[in-house]
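To start, the structure itself, in structure tokens.
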Amino acid sequence: MWVFLALLSALCLGFYDIFKKLSVKGNDVLMVLMLNTIFGALFMSPFVISGLCEGNFGFGNTLTGHLLIFIKAIIVLCSWLLGYFAIKHLPLTIQGPINASRPVLVLVGALIIFGERLNWIQWTGIGLGFASLFFISRIGSREGFDLRHSKWLWMSVAATIFGALSALYDKFLVGYYAPLEVQGWYSLYQCMIMVCAISIIRSKRNFATGAFSWRWTIPCIALFLTIADLAYFYSLSLPGSMIAIVSMIRRGSVIVSFMYGVFALHEKNIRPKLVDLGILLLSLALLVTGSQMD
């Protein structure tokens, strides 16, 4: 069951990346991000409000629990802020594979912190995944995006690091708190942080954030992310779930955004990218097969 939920999360994350790309293209990134946090908080507000009506202020009504969730909100916002700027300026077929490399860091953290162990099928799948990401990165350098000259690539890498940190932190949180409780409150804290930050920035007359235009793709960002996170949190909370495998399967979202970048946006180097996509599909299939043998 936890594998199916991870696959559902990956599918929704793929559409999430597409709507994010369409929303930030030629738009004010900070305003798009703030609206995303507002819609995300609204989608999760019924869970928070219902708890408050019952006298439940979350996490056993302890300050420690809220502090832990506030830390998560900061980590995720750092990843989002860097990732939003990166996806605005990078092709989806470049940004997607970079983000898909997140399981590399998650795997190391899971082995060290949680003591997770993988069977040979899963190791083979991860090896193929690494090979696919290596080839995709080589293709990206042909298109003029490399770490020596592109600050957007560095932002994408930093966003991936923060995302991996968030994934490991999630495994810790769901061991103590209910998934809906975690997602509801951290969505609220994200919204509060972004609204305060944008208010301060807008008050500075010499700080220009750029022109903003409303697009209906903006609420779709939060909608698909909310569904993806719900499936993700419940996957981690089920017995036998492995953070390294869940994280790797979630990176399968690159397939959805990758295909959109190739066929809808007509990005470059289609043939070698499709070969790499096939390798990545095989990698994910081996991960799913290996997880069902446990």
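The numbered conditions (1) over 22 Å from the mean Cα position of the chain (by Cα); (2) at pLDDT 90 or above are all true for R215 except (1). Scanning the range 54-68 for any residue that is surrounded by fewer than 14 Cβ atoms within 10 Å (Cβ to Cβ), aliphatic (A, V, I, L, M) and closer than 24 Å to I198 by Cα turns up at least one such residue.
For the range 51-73, a residue qualifies if it is touching a residue at least 24 places away in the same chain (Cβ under 8 Å) and either more than 18 Å from N36 (Cβ to Cβ) or over 14 Å from the mean Cα position of the chain (by Cα) (or both), and the qualifying residues are G51, G58, F59, G65, H66, L68, I69, F70, I71. Among residues of the range 1-17 being open to solvent by 20 Å² or more (accessible area, probe 1.4 Å), assigned to a helix (DSSP H, G or I) and of a type in the set (A, V, I, L, M), the one that is farthest from G252 (Cα to Cα) is L5. Against the condition surrounded by 18 or more Cβ atoms within 10 Å (Cβ to Cβ) and free of Cβ contacts under 8 Å to residues at least 40 places away in the same chain, how does M259 come out, does it pass? For M259, the condition - surrounded by 18 or more Cβ atoms within 10 Å (Cβ to Cβ) and free of Cβ contacts under 8 Å to residues at least 40 places away in the same chain - is met. The set of residues in the range 18-38 being farther than 15 Å from W80 by Cα and assigned to a helix (DSSP H, G or I) consists of L22 alone. Looking at the range 237-250, is at least one residue on the phi < 0 side of the Ramachandran plot, open to solvent by 40 Å² or more (accessible area, probe 1.4 Å) and of a type in the set (A, V, I, L, M, F, W, C)? Yes, the conditions are met somewhere in the range 237-250. Looking only at the range 114-123, residues that are open to solvent by 60 Å² or more (accessible area, probe 1.4 Å) and either at pLDDT 75 or above or not in a helix (DSSP H, G or I) (or both) come to 3 in all. Within the set P46, P91, the sole residue that is surrounded by fewer than 21 Cβ atoms within 10 Å (Cβ to Cβ) and closer than 19 Å to A231 by Cβ turns out to be P46. Selection of helices (runs of 4 or more DSSP H) fully inside the range 155-259 by the criterion of at least 2 residues being among the aromatic types (F, W, Y) and more than 20 Å from N27 (Cα to Cα) returns 179-203, 217-237.
Scanning the range 131-171 for residues being more than 17 Å from K268 (Cα to Cα), of a type in the set (A, V, I, L, M, F, W, C) and either open to solvent by less than 50 Å² (accessible area, probe 1.4 Å) or modelled with pLDDT of 75 or more (or both) gives a total of 14. Does S45 satisfy the criteria of being of a type in the set (G, A, S), farther than 19 Å from M192 by Cβ and in a helix (DSSP H, G or I)? Taking the combined requirement at face value, the residue does not satisfy it.
The values are calculated or read from the model by the stated rules, or taken from the named source; none is laboratory data. Just so you know, these numbers come straight off a predicted model, no measurement behind them. Ideal geometry is used to build each Cβ from the backbone, glycine not excepted, and the neighbour counts take in all protein chains shown. Ligands, DNA and RNA are excluded from the accessible area calculation, which covers all protein heavy atoms including side chains. Shrake-Rupley method; radii C 1.70, N 1.55, O 1.52, S 1.80 Å.
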